[in-house]
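Here the structure comes first, spelled out in structure tokens, and everything after it is commentary.
Since every read-out is calculated from the coordinates, none of them should be taken as a lab result. This is a predicted model, so every value here is computed, not measured. Cβ sites come from the backbone with ideal geometry, for glycine too, and all protein chains shown count toward neighbours.
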Amino acid sequence: MERATPETLAAANAGWGDRGKLRPLYVLDGSLVTERTVSPAGYGRFHVAVFEEWVRRDIGEIYVQMFDTALANWVGEPGAMCVHSETCGSQLALEHNGDLYSCDHFVEPRFKLGNIRELPILDLVTSDQQRRFGQDKRESLPAFCRSCDVRFACHGGCPKDRFTMTPDGEPGLHYLCPSYKLFFGHIDPVMRRMRDLLAAGRAPSLVVAETRAADARRGRNDACPCASGRKWKACHGTAA
Ligand code: SF4
Ligand code: SF4
């Protein structure tokens, strides 16, 4: 997210292109976002729409990091995306001058671990500061997340973007929470099915045939299962 404060929003909206004169520096401050930023629920609607294509055509053929990470969480294995892992801290950022930071999204003074010209990089990577940084991803979750049905898949997203309030006013909720709730809730039946197939030693890609069989029984005027609000024939059923 391109975070901004009331003071920096105009410059942030102008951006770095020809329109931008002030060359904004995006920092970990502010609860506003630029006009280019995806809406809180839009990211989820996009992923649901793509997922509905994937389950009909692409499982086992096309790798989508978000979907494979989700399946890993449903199966109880480590996923590929730090943002949807319980803890993090393995994506450090090394600057040209040797400064090492906790994450490439946290290159700010308070997240500097040290300089590799002065200390062995292994000491910095395994330092208490970095260990705490990774564990804070879990420890700083608001109560709203700790009691969330899809926490096991979401894990609250990246701490960088936890700048909104929970419905009961607790700070620290991820900007994309509505997207995450929508997407992880939507894919639950398919993920459970793929998990069960894996447990039985069968290919999760069998879901493609099962989904197509269900589609064949669907009426053209039925609601599309992607929950877009459109009819099947005018949405994911156009290619059926
Ligand atoms: S702070 Fe965010 S981007 Fe960095 S390692 Fe943690 S989850 Fe990943
Ligand atoms: S979906 Fe929302 S409430 Fe649930 S864990 Fe993710 S950010 Fe927290």
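Descriptive notes on the structure:
- Fewest-first ordering of F111, F152 by other beta carbons within 10 Å of each residue's beta carbon gives F152, F111.
- Axis of helix 128-139 versus longest Cα principal axis of the chain: the two differ by about 40°, to the nearest ten degrees.
- 3J(HN,Hα) from dihedral phi, the range 35-41, Karplus parametrisation 6.51/-1.76/1.60, rounded to Hz, x for glycine, proline: 5, 7, 6, 4, 6, x, 9
- The ranking of I62, I121, I187 by Cβ neighbour count inside 10 Å, starting from the fewest, reads I62, I121, I187.
- The phi torsions of the range 155-161, fed into the Karplus equation with coefficients 6.51, -1.76 and 1.60 and a -60° offset, translate into couplings of 6, x, x, 6, x, 4, 10 Hz, rounded to whole numbers, with Gly and Pro shown as x.
- Cα pair distances exceeding 24 angstrom across the range 1-136, given as percent: 53 percent
- Percent RCO, i.e. relative contact order, over the chain, from Cα pairs under 8 Å lying at least 6 residues apart: 19 percent
- GNM flexibility winner over the chain from L141, L122, L198 (Cα, springs under 10 Å): L122
- Close amide-amide hydrogen proximity is noted between G114 and L100, each under 5 Å apart and 5 or more residues distant or on a separate chain (H modeled in the peptide plane; Pro and chain starts excluded).
- Here is how the number arises for the chain: DSSP H runs of 4 or more residues each give -39500 (n - 2.57), the sum is divided by the residue count, and the result at 222 nm is -10500 deg cm²/dmol.
- Length, then width, then depth: along the principal axes, the Cα atoms of the chain run 65, 45, 37 Å.
- Projected area, mean over directions - the range 54-121, Cα convex hull, nm²: 6.6 nm²
- Cβ-to-Cβ counts within 10 Å put R195, R162, R57, R110 in ascending order as R110, R57, R195, R162, the fewest first.
- Rounded to the nearest 10 degrees, the inclination of helix 188-199 to the longest alpha-carbon principal axis of the chain is 90 degrees.
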